[in-house]
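Report on the structure given below.
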Amino acid sequence: MHLGVPFSFKLSKCNEDRNNTHVFSQGYSVSNQCWEVLAGMHEINEQVVAELQGKARVLRQDIVKMLGQAGSGHTGGSLSAADIVACLYFWEMKLDTRNPRWPDRDRFVLSKGHAAPLLYAVLAEKGFFPREDLAGLRKFGSPLQGHPDMKKVPGVEASTGSLGQGIAWAIGMALAGRLDRKDYRVYALLGDGELQEGMVWEAVMAGAHYRLDNLVAIVDFNGLQIDGRVEDVMSPLPIAAKFGAFGWQAVEIDGHDYRQIMGALNLARETRGRPTAIVARTIKGRGISFIENLVDWHGKAPNPEQVAQALAELM
Amino acid sequence: MEKVATRDAYGKSLVKLGQMYENVVVLDADLSKSTKTADFAAAFPERFFNMGIAEQNMMGTAAGLAAAGKVVFASSFAVFATGRAWEQVRNSIAYAGLNVKVCASHAGVTVGEDGGSHQSVEDIALMRVLPGMTVLVPADAVATEKLVTAVYHQEGPAYVRLGRSAVPTIYRPEQELHMGRGVELREGGDATIIACGIMVYQALEAARMLEEKGLRVSVVDMFCIKPLDEELICRKAAETGALVTAEEHSVIGGLGGAVCEAVAAQCPVPVVRVGVQDRFGQSGTPEELLAFYGLTAGNLVKAVEKAISLRDGYR
Ligand SMILES: Cc1ncc(C[n+]2csc(CCOP(=O)(O)OP(=O)(O)O)c2C)c(N)n1
Ligand SMILES: [Mg+2]
């Protein structure tokens with residue numbers, strides 16, 4: 001929707017209110033109220049937030065159960081992005097579950113494909129396939145491969161798992177949307193460690209070059225990868241400033257704060273002429289005390305006792 | 001029988017090399033716990049560089065280190081080390097003839113649950129096609145240690161293919177392995193199975209099963225895919241007239257492809273190739289996948305019978 005005011009005006013208006021700030025890479029600050037000013041047809045209110053929180057809880061429960069049944073898989077990075085993905089699928093994106101290939105649908109590309117359990121959980125919750133199928137995660141003969149396979153699962157938009165490639169894929173989809181004069185939007189979710197792949201920045205350059213305002217890249221900035229903290233292994237920081245320098249609109253938010261997630265998505269939708277990067281500060285393993293912020297839980301599944309304990313915490 | 005993963009043997013060998021030789025430098029791309037270069041990193045932190053999730057940059061950096069006199073071991077999963085960074089390996093390492101040893105783990109379908117995106121069944125082909133590249137596929141922990149040590153001493157680029165799962169140890173510690181020379185593990189005049197990697201053990205099993213059926217077959221461990229022991233292949237072709245190749249890799253371009261090239265040019269006899277039949281991998285347990293793709297002793301028995309009937313049909 002259009003607020004009837006130029007974008008820069010909105011930002012500068014927001015800029016006046018400097019308490020409780022969220023940092024825009026290019027020096028803008030936005031208060032909590034401003035996120036709501038920017039809320040468009042996608043309304044942000046307490047009821048919406050409560051509903052989305054409920055959805056994210058279900059996703060986290062499913063993730064834990066699936067991984068427990070599979071006995072292997074990526075727990076931390078699936079949990080860290082659950083709030084973001086709940087907002088995308090239950091608030092932001094237009095989709096038709098009865099027609100997964102609807103040409104006008106919005107597209108979500110899970111560039112950090114190892115978070116497949118999260119994607120499967122949300123697709124099942126949306127109704128793309130029966131939730132009983134979740135029990136097949138990583139098992140022989142199941143469509144739910146260890147990393148997403150678009151040929152096997154309705155609703156999966158991209159076959160991913162090799163890090164760095166999903167954002168380029170999203171650029172291709174955004175270019176196709178423009179060619180076909182469709183107004184669908186494309187969302188890519190990346191890991192912060194994934195940003196170390198050179199091709200991410202080739203794609204970021206292309207996104208700005210082609211002024212893809214129908215594209216949003218969301219970085220799950222949980223601070224951890226496999227071999228340790230991203231800053232210790234190979235620092236990708238500062239992230240938002242890099243996107244900004246490449247010509248993107250870059251926003252830093254708390255990736256577990258629904259108002260900020262939705263506000264950033266609204267802002268991206270209202271922006272013309274350039275893509276938006278949402279750098280979402282998250283906690284890896286969010287929601288389960290004994291998994292949160294531990295590097296060891298990157299690629300490990302909970303055992304039956306841990307599943308029970310986790311589910312109790314998620315009640 | 002003792003079971004050890006070849007990647008574990010690789011980690012231990014690197015530490016030994018590091019103790020003996022100052023010029024050993026090791027690189028990894030955020031998988032050091034999986035590839036086992038973490039052992040070296042702990043012992044020689046100043047000679048270990050974690051390049052982050054950036055395989056292409058890792059190979060370029062390896063080339064620079066080697067050009068400056070280091071002997072560089074660069075590790076990641078096989079699909080990323082040979083696939084993602086192939087052109088860097090080609091131009092910066094192989095074309096330049098540099099002392100970089102690409103030692104990649106998680107090759108083949110025994111990666112298991114992670115699925116097809118992570119199961120490299122084309123890495124042998126990708127590396128074998130590069131001029132001057134030595135290509136080695138050790139069958140067990142003993143062979144791994146010997147070959148990792150051998151590539152350190154041998155000038156020039158090399159590729160060593162390592163696995164995720166524990167495999168039976170077939171060699172005694174005193175076994176000698178020579179570059180470019182296959183090992184005849186068992187002699188028999190009815191047919192020859194030429195195997196590499198985990199399929200060597202399956203080939204020995206198949207030979208035992210065939211013996212019960214009254215057939216005596218030779219088993220060759222062709223751990224050195226390049227340079228290939230064409231002399232041994234042609235001798236076995238002449239002696240038995242029926243060849244079977246066995247590899248945890250696509251039948252296109254790998255050991256089977258290499259043997260066929262040599263046999264067609266020099267000593268034509270029927271060759272039946274056991275391996276992944278031009279398909280991608282998928283999720284499952286290693287055992288389920290080995291059975292599904294026919295990488296079993298039972299299937300080798302059938303392949304030997306087929307090769308014999310082809311031979312007898314020709315005659
Ligand atoms: C090209 C490539 N290299 C390596 C890997 C192995 N890998 C899987 S997950 C991972 C770490 C990812 O860290 P991050 O992007 O921060 O993800 P998150 O913390 O959100 O799980 C690595 C190295 C891969 N999948 N793809
Ligand atoms: Mg991370």
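Read-outs throughout are calculated quantities, based only on the coordinates presented, and are distinct from any laboratory measurement. Bear in mind that the values here come from a model prediction, so they are computed numbers and not experimental data. Positions of Cβ are generated from backbone atoms using ideal geometry, with glycine treated the same way; all protein chains shown enter the neighbour counts.
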For chain B, the longest principal axis of the Cα atoms and the Cα long axis of helix B:199-212 enclose an angle in degrees, to the nearest 10, of 20
Rounded to the nearest 0.05, FRET efficiency between residue B:238 and residue B:302 (Cβ-Cβ, R0 30 Å) equals 0.80
Note: probe point = Cα of residue A:181 + 7 Å toward Cβ; backbone nitrogen < 18 Å; residues of the range A:103-133 passing the test are A:103-105
Each label sits 7 Å from Cα toward the beta-carbon; between residue B:68 and residue A:42 the label points are separated, in nm, by 4.7
Connecting every pair of Cα atoms under 10 Å apart in chain A and solving the GNM, the largest mean-square fluctuation among A:187, A:210, A:89 falls on A:210
With +1 at each Lys and Arg Cβ and -1 at each Asp and Glu Cβ, the charge dipole magnitude of the range A:101-226 around its Cα centre, to the nearest 20 debye, comes out at 360
Bounding extents of the range A:8-313 in its principal axis frame from Cα atoms, largest first in Å, are 53, 41, 41
The extension gain from residue B:22 to residue B:261, computed as 0.36 nm times the residue separation minus the Cα-Cα distance, is 82.0 nm
Partner lysines whose C-alpha sits under 16 Å from that of residue B:213, ignoring same-chain residues fewer than 8 away, are B:302, B:306
Between the residues B:121, B:98, B:142, the Cα farthest towards the positive end of the dipole of the range B:51-147, that dipole coming from +1 and -1 charges on the beta-carbon of Lys, Arg, Asp and Glu, is from B:98
If B:105, A:111 are placed from fewest to most neighbouring beta carbons inside 10 Å, the sequence is B:105, A:111
For the range B:189-230, shape from the Cα gyration tensor axes a ≥ b ≥ c, cut at a/c of 1.5 then a/b versus b/c, turns out oblate
Filtering chain A for DSSP H helices with an axial alpha carbon extent of at least 30 Å and a Kyte-Doolittle mean of at least -1.0 returns A:46-70
Fewest to most Cβ atoms within 10 Å: B:196, B:224 sort as B:224, B:196
Once both label points are put 7 Å beyond Cα along the C-beta direction, the residue B:309-residue A:135 separation in nm becomes 4.2
The set of cysteines in chain B having no other cysteine's C-beta under 4.7 Å reads B:103, B:196, B:224, B:260
Yeah, the range B:3-168 with a ≥ b ≥ c from its alpha-carbon gyration tensor (a/c under 1.5 is rounded, else prolate when a/b outruns b/c, oblate otherwise) is rounded
Per residue of B:117-129, other chain Cβ atoms within 10 Å number on average 2
Taking a ≥ b ≥ c as the square roots of the Cα gyration tensor eigenvalues, with a/c under 1.5 meaning rounded and otherwise prolate when a/b beats b/c or oblate if not, the range B:173-315 comes out rounded
Loop-resident chymotrypsin sites (Phe, Trp or Tyr not before Pro) in the range B:26-123 with no more than 15 other Cβ atoms inside 10 Å, DSSP not H/G/I/E/B, are B:95
Treating only Lys and Arg (+1) and Asp and Glu (-1) as charged, each at its beta carbon, one finds that the protein assembly as shown has a dipole about its Cα centre, in Debye to the nearest 20, of 920
Summing -39500 (n - 2.57) over every DSSP H run of at least 4 residues in chain A and dividing by its residue count gives a helix-only mean residue ellipticity at 222 nm, to the nearest 500 deg cm²/dmol, of -11500 deg cm²/dmol
For chain B, the Debye formula with one identical point scatterer on each Cα and no solvent gives log10 I(q)/I(0) at q = 0.09, 0.14, 0.15 Å⁻¹ as -0.41, -0.99, -1.12
Taking r as the C-beta separation of residue A:241 and residue B:4 and R0 as 45 Å, the FRET efficiency to the nearest 0.05 is 0.45
Per residue of A:132-143, other chain Cβ atoms within 10 Å number on average 3
Between residue A:296 and residue A:126, the two model label points (7 Å from Cα along the beta-carbon direction) sit apart by a distance in nm of 3.6
Expressed in angstrom and rounded, the centroid-to-centroid distance over alpha carbons for the range A:46-108 and the range B:258-315 is 44
Of the listed pairs B:3/B:226; A:284/B:36; A:112/A:151; A:151/A:284, those with alpha carbons more than 22 Å apart are B:3/B:226; A:284/B:36; A:151/A:284
Most fluctuating of A:154, A:117, A:103 in the GNM of chain A (C-alpha, under 10 Å) is A:103
In whole angstrom, the spacing between the Cα centers of the range A:173-214 and the range B:29-44 equals 33
Listed with the fewest Cβ neighbours within 10 Å leading, A:292, B:2, B:247 appear as B:2, A:292, B:247
Note, residue A:290: beta-carbon cut-off 15 Å, +1 each Lys/Arg, -1 each Asp/Glu, net 0
